[in-house]
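S.K.: The following block contains the structure, expressed as structure tokens.
The values are calculated or read from the model by the stated rules, or taken from the named source; none is laboratory data. What you see is a predicted model; the values in this text were computed from it and never measured. Glycine also receives a Cβ, built like all others from the backbone with ideal geometry; neighbour counts cover every protein chain displayed. SASA here: full protein model, heavy atoms, side chains in, ligands and nucleic acids out. Shrake-Rupley method; radii C 1.70, N 1.55, O 1.52, S 1.80 Å.
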Amino acid sequence: KANRPQFSASEYSAQKELVRIRNTFSFRFGLLVTESFVRKPWLMPLFPFRLIGLFFSRPALKQIDYKNNSGPETYILFSTSEEGLSSVERTLNRGRVLESQGFKVIHITSSSLGSQILETYTHYTLPDPKNKSAVESISEWNEICLNFLHHVVMTNNVTTLEFDGPYPYRGMLNLLKIHPHIKSVWRRLATKIPANKSHIELFDEMDVVEIL
């Protein structure tokens, strides 16, 4: 547990899946068969009784999800490059309100110009996903986004992620899948109508959608 903050997003996700599999009946049944007939054959006579016990037993609950509870409650405010500086300005105003209420705010932006506006605030800048010279592929960018956000979540008491942009990035959505305790908010302009079916389906992946 102490080393979990050092895991990458993919390693952390794999650990969660491994624990889930080990808790399934099929895995425990396979383990019982292997132990009774291969590893410890002297237990073979007890197999019928142990099998009955398996049906009525429940695996010990194991801690799968990790949440950093140290430090102040933290909001991640994610602004995007797709809407110019307006997205950054909206998240900046939102951050001021949250800080006045005692919350810690971490700004993340994919806008290089926006990072200059956020210079005096706690912020991190991701490469602009539209910048072909900085990003080889969208899938690579989403992997960078996922691992970066994962590091922020593992090292801060993050409870909420608020995204301001036309459509959530896949890397961010993947983060929410492996950290389900985080409340997600999507703020989008009413004038920015989703361009295709895949963007419309994103509405179901966010906890709250606010139309501005």
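S.K.: Residue by residue through region 142-159, note down the ones that are under 19 Å from Arg94 (Cβ atoms), open to solvent by 10 Å² or more (accessible area, probe 1.4 Å) and out of contact with any Gly (no Cβ under 9 Å at 6 or more places or on another chain).
M.R.: Correct list: Thr159 only.
S.K.: Here are Pro168, Pro180, Pro194: which of them is closer than 20 Å to Ser112 by Cα and either surrounded by fewer than 20 Cβ atoms within 10 Å (Cβ to Cβ) or at pLDDT 85 or above (or both)? First the steps, then the outcome.
M.R.: Numbers: Pro180 fails: closer than 20 Å to Ser112 by Cα; Pro194 fails: closer than 20 Å to Ser112 by Cα.
Within the list Pro168, Pro180, Pro194, the selection yields Pro168.
S.K.: Next up: Of the residues that sit in region 78-115 and are modelled with pLDDT of 90 or more and among the acidic types (Asp, Glu), which one is farthest from the chain's Cα centre (by Cα)?
M.R.: Looking at the filtered set, the residue picked out is Glu89.
S.K.: Only one of (1) under 20 Å from Lys183 (Cα atoms); (2) open to solvent by 30 Å² or more (accessible area, probe 1.4 Å); (3) part of a helix (DSSP H, G or I); (4) of a type outside the set (Phe, Trp, Tyr) fails for Lys67. Which number is that?
M.R.: Looking at each condition in turn, Lys67 falls short on (3).
S.K.: Please find, among Ser100, Ser139, Ser115, the residue that is over 24 Å from Val208 (Cβ atoms), open to solvent by 60 Å² or more (accessible area, probe 1.4 Å) and not charged (D, E, K, R).
M.R.: On the way: Ser100 fails: over 24 Å from Val208 (Cβ atoms); Ser115 fails: open to solvent by 60 Å² or more (accessible area, probe 1.4 Å).
Of the residues listed, the single one that is over 24 Å from Val208 (Cβ atoms), open to solvent by 60 Å² or more (accessible area, probe 1.4 Å) and not charged (D, E, K, R) is Ser139.
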